[in-house]
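The values are calculated or read from the model by the stated rules, or taken from the named source; none is laboratory data. The structure presented is a predicted model; accordingly, all values stated were derived computationally and were not measured. Neighbour counts are summed over all protein chains in view; Cβ atoms, including those assigned to glycine, are modelled from backbone coordinates with ideal geometry. Remember, those area values only see protein heavy atoms, side chains included, never the ligands or the DNA or RNA. Shrake-Rupley method; radii C 1.70, N 1.55, O 1.52, S 1.80 Å.
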Amino acid sequence: MSRAFVKEQDNPPPDAPPELQVSTHPNLVTPRGMRLIEQKLFELNEALGARPDEAAKARLLRDLRYWTERRASARLVEHNARDREVAFGSEVVIRRHGGPPETWQIVGEDEADPGQGRISHTSPIAAALIGARAGETVEVPHRKPPLELEVLSVR
């Protein structure tokens, strides 16, 4: 095949940063998650406008491709505060093994930050909690020892 018919991105330079992997899970996002995606796209475009060096430009373009794809595939899910069952967007207060209460919000993959109490809807803990109600105990599968979570409240 003639080089005239090969796209530049088909043969990236050897020092190009590796592409960021896009999850195969549905890209559910909270309103906050959508704002974060939009902010990230804005910041990347601003950084590109500052005329970075070639290596930085390659990283910025790679990140821009990732976040553009995440924006295109985003499915905004508004949480119904009246829901009594744990669902995407819920804030759940749980207790594990008789310990102190912990508060978790179930969010999209890109918004997840366990240190801030936000877990991805694709995580085993979120999967175990979805559909549960206050007063119920759920078990996170495939854990040794088994992890039991008591649902104290759902907001």
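Couple of notes before you dig in:
- For V29, the amide hydrogen comes within under 5 Å of the amide hydrogens of R75, L76, V77, counting only partners 5 or more places away or on other chains and with H modelled in the peptide plane.
- Gap separating the Cα centres of the stretch 92-148 and the stretch 39-58, nearest whole Å: 36 Å
- In this simple spin-label model, placing a label point 7 Å from the Cα along the Cα-to-Cβ direction at both E43 and R133 gives a separation of 4.1 nm.
- Between L152 and V93, I94, R95, G135, the built amide H atoms are under 5 Å apart, and every one of these is 5 or more places off in sequence or on another chain.
- If you plug the beta carbon distance of R75 and T103 into 1/(1 + (r/R0)^6) with R0 = 25 Å, you get a FRET efficiency near 0.50.
- Across the options L64, I94, H79, the greatest Cα extent toward the positive end of the charge dipole of the chain (unit charges at beta carbon of Lys, Arg, Asp, Glu) belongs to H79.
- Potential lengthening between V22 and R59 on full extension [0.36 nm per residue; Cα-Cα distance subtracted]: 11.7 nm
- Electrostatic dipole magnitude of the chain [Cβ: Lys, Arg +1; Asp, Glu -1; Cα centre; debye, to 20]: 160 debye
- C-alpha long axis of helix 54-73 to longest principal axis of the chain, angle in °: 50 degrees
- Solvent exposure of the chain as accessible area per residue, Å², 1.4 Å probe: 65 Å²
- Of [x] 25, 20, 13; [y] 40, 17, 14; [z] 23, 17, 15, the label for semi-axes √(5λ) of the Cα gyration tensor in Å derived from the coordinates: [y]
- Share antiparallel - DSSP beta bridges, the chain, percent rounded to 5: 75 percent
- MRE, 222 nm, helices only [DSSP H, n ≥ 4, -39500 (n - 2.57), over the chain, to nearest 500]: -9500 deg cm²/dmol
- Against the chain, whose longest principal axis is taken from its Cα atoms, helix 31-49 shows a tilt of about 20°.
- With every protein chain in place, the stretch 68-142: carbon and sulfur % of accessible area (1.4 Å): 47 percent
- Taking the 1.4 Å solvent-accessible surface of the stretch 18-67 as the whole, the part contributed by carbon and sulfur is 56%.
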